2 protein chains.
Amino acid sequence: MNNIITISRQFSSGGREIGKRLADSLLYAYYDAEIIKKVAEESGFCESYIEKYSEANITRGYNYTFGQTFSTLSPSDQVQIAQAKVIRELSTKGDCVIVGRCADYILKDSNNFKVFIYSSDMEQRIKRCYDKVPADKNKTEKEMQKMIKSIDKTRSKNYNYYTGQDWEDMTNYNLCIDTSVVSIKQAVATILACCNNK
Amino acid sequence: MNNIITISRQFSSGGREIGKRLADSLLYAYYDAEIIKKVAEESGFCESYIEKYSEANITRGYNYTFGQTFSTLSPSDQVQIAQAKVIRELSTKGDCVIVGRCADYILKDSNNFKVFIYSSDMEQRIKRCYDKVPADKNKTEKEMQKMIKSIDKTRSKNYNYYTGQDWEDMTNYNLCIDTSVVSIKQAVATILACCNNK
């Protein structure tokens, strides 16, 4: 069975960077935006449509859980199904790190190691946004805080809607790391320590 | 400022063993049952009385939060105050690992590193009980499961009562480790990775 590490994360908590560094360190494949490209190829949806409906929004058809058919499904349900299919396919190709997209739940029968990254340091999270997206510098810190909280809220709703689980419930994960105190470098070393020293 | 690691833990999840190994590895003082002895010395309560009211039971006088006076307090409130005083004193003496007893909250202004240990593997937790307490072998697995859940429930209520926080809310901690997947040895290495590699 392949080694799979899934990383769920609060917005701008450093989860993506941790996932990338971890994959580089372990020589695992890294899947994040790549998933959107692959969903586009396989489903025929355009990338911006997938991005819109993958994590950022839920349009409700009826109460969907993974495993149902496509008919009468809302756009976000259709994107979720296509995305879940791609995630399952990628997980069979070799060892990998997958960021976000309910991958922890989708691959729950694949013995994946489930990590959650969070941070209570809003100042640090805002700074990370400013550093990564120059256009964000036009927004005030208050606007940034509102945006961060809003994205977290939507991710939480999305996760709950498609998995029936609470996004921030530690018992859904094997390791939860607070990057307000643990640095990115330490977080990578921390996850590696769980993969070694058996 | 001293380096302090507090370990909160589900019953029989391996938290105590992780704390002891961690303290040995870092050459830090280790405080667990020692706290009960010290509270007994300082308060005049006998050890069994402290044990009874420290984590296992809450007898309610009125809604107590750390910082109030002793008058009209219930036995568990009195033990909690004495215990909190001892924990604060111990934290000033040098680097240390402290297990349980709301130490994460009591020392929240001391920049302590807060760890939570949990396990969803009930079979493993029951086995750990049987291994550690030979007398428990007279109990059936069903009885053991009931006891484990009951102790967790009381710890949770106790924590919530004295801190106003949810015991199993990851955002109260800096690192949460699931010992159903992460071994004791790995968990120690994982915490060490957070203390090194800055």
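The values are calculated or read from the model by the stated rules, or taken from the named source; none is laboratory data. Because the structure is a prediction, the values reported are computed rather than measured. Here the Cβ positions follow ideal geometry from the backbone for every residue, glycine too, while neighbour counts run over all protein chains shown.
Brief remarks follow.
- Residue match in the range B:126-133 (condition: within 14 Å of another protein chain (Cβ to nearest Cβ), surrounded by 15 or more Cβ atoms within 10 Å (Cβ to Cβ) and in contact with a Gly (Cβ under 9 Å, 6 or more places away or on another chain)): no
- Residue, surrounded by the fewest Cβ atoms within 10 Å (Cβ to Cβ), within the range B:22-34, restricted to residues that are assigned to a helix (DSSP H, G or I) and over 15 Å from the mean Cα position of the chain (by Cα): B:ASP24
- Number of the exception - B:ILE191 against (1) without any contact (Cβ under 8 Å) to a residue 24 or more places away in the chain; (2) within 14 Å of B:ILE5 (Cβ to Cβ); (3) not polar (S, T, N, Q): (1)
- Any hit, the range A:90-107, residues being surrounded by fewer than 17 Cβ atoms within 10 Å (Cβ to Cβ), modelled with pLDDT of 80 or more, out of contact with any strand residue (DSSP E or B) (no Cβ under 9 Å at 6 or more places or on another chain) and not small (Gly, Ala, Ser): yes
- Condition broken by B:LYS185, with the remaining ones in (1) surrounded by fewer than 17 Cβ atoms within 10 Å (Cβ to Cβ); (2) facing chain A (nearest Cβ under 7 Å); (3) at pLDDT below 90 satisfied: (3)
- The set of residues in the range B:148-179 being more than 7 Å from every other protein chain (Cβ to nearest Cβ), over 14 Å from the mean Cα position of the chain (by Cα), surrounded by 17 or more Cβ atoms within 10 Å (Cβ to Cβ) and within 15 Å of B:SER120 (Cα to Cα) consists of B:ILE148, B:THR179.
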